[in-house]
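Asks: My structure is below; once you've seen it, I'll send some questions.
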Amino acid sequence: MLNPKAERVDYGWELRPPEGYELDSAIAATYTLDLDALLSVPIALCFHDTLEGEIQGERLALLEAVGQLNGRLKVFYQAGKIKLPGNYNRLFALLEPWLQPVMPGDVAYSSFHPKFWLLRYTAPKRPVRYRLIVLSRNLTFDRSWDLALSLDGEVSRESIDSAHQRWDELVRDLLRQDPSFEPGKVIRKELDRINWHPPENFRDPRILAGGPRYGQPLNMLSPNDSILVVSPFLKDSVGGVGALDELAQRAPEGNRWLFSRGEELDEIGPEKLEGWSCFSINTDVVDGEERLEMGTGRQNLHAKLIVVERGKTCHWHLGSANATAAALGNAGADPRNTELLVRLTGKSRLIGPAALLEQWIDKDTPGNGLFVEHQFEERPASEGESERDLFRVLSFDLINANWTLSAREGEYDPTLFELELSIDGVPELPKGLSVEVGLLPVRGSYRLLDSIICWNNLNLNQLSAFLAVKITAQGSAETEHLVIQTNLHLPKGTDRDRRIIEQLVDTEDKFLNYIRLLLQRHPDKNDWLSFDGTSGQAGALATLFGDSPIFEQLMLAAARDTEVLERIQKMIDRLEGTSVPVPERFARLWRHFAPAKR
């Protein structure tokens with residue numbers, strides 16, 4: 001169920017299509033976004049492999065995987081919440097069409113917070129299938145403890161019911177933000193015809209959206225219900241725990257268990273949490289990898305789960321929502337945040353609080369479980385709260401402005417470009433704060449915020465829709481980084497995608513490595529990611545008629561898997577008009593196989 005030792009989920013494995021199916025299209029939503037993490041996703045989506053291992057960088061395998069997803073994937077994220085990457089990757093430019101920033105709401109303290117994948121799969125003569133993955137984690141490499149739920153479903157001929165109405169509205173609202181995303185038209189039509197299958201021990205899945213447009217996602221409590229809450233964050237903007245208080249008021253007679261981060265519980269204090277049995281994630285878990293000198297960072301709690309027990313029946317609510325008023329609403333008011341939860345129902349003896357407590361807490365050896373009974377400690381009041389409030393308000397004003405980048409060829413050298421940023425609605429800066437804007441691909445390119453900012457002598461690789469924004473509090477060490485995706489206008493005829501391909505496939509050996517990569521009928525991630533160089537090989541040209549001849553592999557593909565030939569032809573079509581050298585020996589050979597395409 002939720003046994004941390006036995007039931008671990010591999011993110012990439014969940015993205016893989018069902019047996020016999022291929023990915024048709026997908027949409028995703030996240031609060032924060034790591035471009036490197038997004039760049040790793042195509043390996044799972046296109047080539048049925050996991051996300052484990054080192055799969056970052058500028059690689060032929062990623063170039064091909066990204067190319068296969070063009071026009072089929074859309075990722076919605078909160079505007080400004082792209083993580084500032086340590087190094088710029090030229091392939092980031094290929095991700096720009098996938099991304100749709102979403103304004104969080106009308107006020108600075110709102111958040112676009114849902115975290116999900118909706119994947120559409122097709123297969124010849126078989127019903128269309130969908131997979132919905134609802135998560136508590138963002139699309140990043142964060143190693144915190146999270147929860148994920150995967151639901152599979154088939155499209156039926158008739159509408160199922162109105163149980164998921166608010167979820168349907170949320171998805172349709174998102175897809176309307178980019179009418180050019182063609183798969184969205186089909187997804188919108190099929191949403192209310194998907195018959196979702198619950199996991200083992202559960203029944204009656206209900207997909208619940210919450211927020212200013214969708215109401216409260218959780219409103220089913222009765223006086224005698226028992227409640228178990230897992231939430232890393234609990235405090236409201238004024239330091240209270242309004243959501244927990246309301247849960248307690250709605251169910252005053254039942255038991256209440258609370259699982260959170262130790263530092264969050266300490267900052268709130270035992271007085272405000274009276275009536276709750278409080279547990280914190282084990283510090284041995286939080287610091288475990290640091291102690292092993294693995295260098296992968298702390299593993300704090302990030303999971304969100306609210307369990308409501310009513311007699312012999314239990315209801316789980318899991319997804320993106322913390323137990324805060326911003327996420328759940330308070331005193332009849334709708335939440336400020338847009339959230340997504342799934343409600344699952346089952347028997348208390350199988351999925352109730354007692355079963356979870358048994359899995360998470362080691363009663364025989366206190367201190368050994370995933371969670372331990374929390375011992376409150378006095379913690380000094382957080383410093384810099386007022387500064388962080390100013391940062392948040394200013395960040396909201398910045399992402400709410402209209403940012404436009406326009407590039408033009410240099411006056412004396414057409415291979416170099418001038419870039420002009422215009423900002424409509426530059427916010428007034430609070431006293432003590434400064435803002436600088438830089439080009440994500442160019443280190444040291446920061447300029448002070450102004451309505452017009454210019455950069456000169458840029459090459460094509462340095463033109464990006466992503467801008468790095470740095471907010472600094474003068475006289476302190478407080479700094480906040482935003483990455484804002486702008487509207488980028490390039491000179492007519494400028495083709496960054498073609499330039500990237502030319503740079504990554506710039507020799508005959510690399511071209512033939514690309515062909516060998518595509519000839520794999522069942523691509524293996526590790527093999528795919530080894531095709532970028534030629535070190536240790538006898539020369540890729542030798543593979544035309546050598547020990548691992550391309551000729552024989554083409555013969556096999558023509559006889560058994562013409563889809564591989566289609567893949568090669570699409571790659572050759574993409575290379576048309578570029579300066580990529582196509583070996584004459586391969587061109588002569590390919591003329592005999594191209595007609596075999598379906």
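The values are calculated or read from the model by the stated rules, or taken from the named source; none is laboratory data. Everything numeric here is computed off the predicted structure, so don't read it as measured data. Heads up, the Cβs are rebuilt from the backbone with ideal geometry, glycines too, and the neighbour counts pull from every protein chain shown.
Asks: Just a yes or no: is a residue in segment 405-424 more than 30 Å from Gln68 (Cα to Cα), in contact with a Ser or Thr (Cβ under 8 Å, 6 or more places away or on another chain), β-branched (Val, Ile, Thr) and buried (at least 16 other Cβ atoms within 10 Å of the Cβ)?
Replies: Scanning segment 405-424 turns up at least one residue that is more than 30 Å from Gln68 (Cα to Cα), in contact with a Ser or Thr (Cβ under 8 Å, 6 or more places away or on another chain), β-branched (Val, Ile, Thr) and buried (at least 16 other Cβ atoms within 10 Å of the Cβ).
Asks: So which of Thr345, Thr365 ends up being over 22 Å from Phe466 (Cα atoms) and part of a loop (DSSP other than H, G, I, E, B)?
Replies: Of Thr345, Thr365, the one residue that is over 22 Å from Phe466 (Cα atoms) and part of a loop (DSSP other than H, G, I, E, B) is Thr365.
Asks: So which of Arg166, Arg188, Arg157 is over 26 Å from Asn330 (Cα atoms), touching a residue at least 12 places away in the same chain (Cβ under 8 Å) and assigned to a helix (DSSP H, G or I)?
Replies: On the way: Arg166 fails: over 26 Å from Asn330 (Cα atoms); Arg157 fails: assigned to a helix (DSSP H, G or I).
Only one candidate passes the filter, namely Arg188.
Asks: Here is a further query. Could you say which residue among Ile133, Ile160 is β-branched (Val, Ile, Thr) and buried (at least 17 other Cβ atoms within 10 Å of the Cβ)?
Replies: Sole residue among the options that is β-branched (Val, Ile, Thr) and buried (at least 17 other Cβ atoms within 10 Å of the Cβ): Ile133.
Asks: Any residue in segment 90-115 that is among the aliphatic types (A, V, I, L, M) sitting within a Cβ distance under 9 Å of a residue that is surrounded by fewer than 19 Cβ atoms within 10 Å (Cβ to Cβ) and part of a loop (DSSP other than H, G, I, E, B)? List the pairs, counting only those 6 or more apart or interchain.
Replies: Leu91/Gly57; Leu91/Glu58; Leu94/Asn70; Val102/Gln177
Asks: A follow-up question, please. Could you list all residues from segment 119-140 that are in a loop (DSSP other than H, G, I, E, B) and within 18 Å of Gln78 (Cβ to Cβ)?
Replies: Once the filter is applied, which keeps residues that are in a loop (DSSP other than H, G, I, E, B) and within 18 Å of Gln78 (Cβ to Cβ), segment 119-140 yields Ser136, Arg137, Asn138, Thr140.
Asks: Quick one: which of Leu467, Leu458 is buried (at least 19 other Cβ atoms within 10 Å of the Cβ) and within 25 Å of Pro430 (Cβ to Cβ)?
Replies: Leu467
Asks: While we're here: Just checking, which of Thr404, Thr338 is of a type in the set (Ser, Thr, Tyr) and in the same structural domain as Ile471 (by TED's automatic domain parsing)?
Replies: On the way: Thr338 fails: in the same structural domain as Ile471 (by TED's automatic domain parsing).
On inspection, the qualifying residue turns out to be Thr404.
Asks: Which condition number in (1) without any contact (Cβ under 8 Å) to a residue 60 or more places away in the chain; (2) part of a loop (DSSP other than H, G, I, E, B); (3) under 21 Å from Asp36 (Cα atoms) is the one that Pro441 fails?
Replies: (1)
Asks: Another question, if that's okay. Considering each residue of segment 210-261, count those that are in a loop (DSSP other than H, G, I, E, B) and within 27 Å of the chain's Cα centre (by Cα), and give that number.
Replies: 14
Asks: Related question: When you go through Ser237, Ser226, Ser260, Ser277 one by one, which is the residue that is farther than 21 Å from Arg310 by Cα and either modelled with pLDDT of 90 or more or buried (at least 22 other Cβ atoms within 10 Å of the Cβ) (or both)?
Replies: Unique residue meeting the criteria: Ser260.
Asks: Looking for something under 22 Å from Asn487 (Cα atoms), of a type outside the set (A, V, I, L, M) and at pLDDT below 90 - is there at least one such residue anywhere in segment 357-370? Can you show your working first?
Replies: The first filter runs over segment 357-370 and keeps only residues under 22 Å from Asn487 (Cα atoms), leaving none.
Among the residues of segment 357-370, not one is under 22 Å from Asn487 (Cα atoms), of a type outside the set (A, V, I, L, M) and at pLDDT below 90, which makes the answer no.
Asks: Within the bounds of segment 377-395, is there any residue that is among the aliphatic types (A, V, I, L, M) and more than 30 Å from Asp266 (Cα to Cα)? Break it down stepwise before answering.
Replies: The initial filter retains those residues of segment 377-395 that are among the aliphatic types (A, V, I, L, M), namely 381, 390, 393-394.
Adding the requirement that they be more than 30 Å from Asp266 (Cα to Cα) leaves none.
No, because not a single residue in segment 377-395 is among the aliphatic types (A, V, I, L, M) and more than 30 Å from Asp266 (Cα to Cα).
Asks: Give the residues of segment 174-217 that are of a type in the set (Lys, Arg) and out of contact with any Phe, Trp or Tyr (no Cβ under 9 Å at 6 or more places or on another chain), sorted by residue number.
Replies: Those that are of a type in the set (Lys, Arg) and out of contact with any Phe, Trp or Tyr (no Cβ under 9 Å at 6 or more places or on another chain): Arg176, Lys185, Arg188, Lys189, Arg193, Arg203, Arg213.
Asks: Another question about this same structure. Would you confirm whether or not segment 451-464 contains a residue that is among the small types (Gly, Ala, Ser), touching a Leu at 6+ places or on another chain (Cβ under 8 Å) and not in a loop (DSSP other than H, G, I, E, B)?
Replies: no
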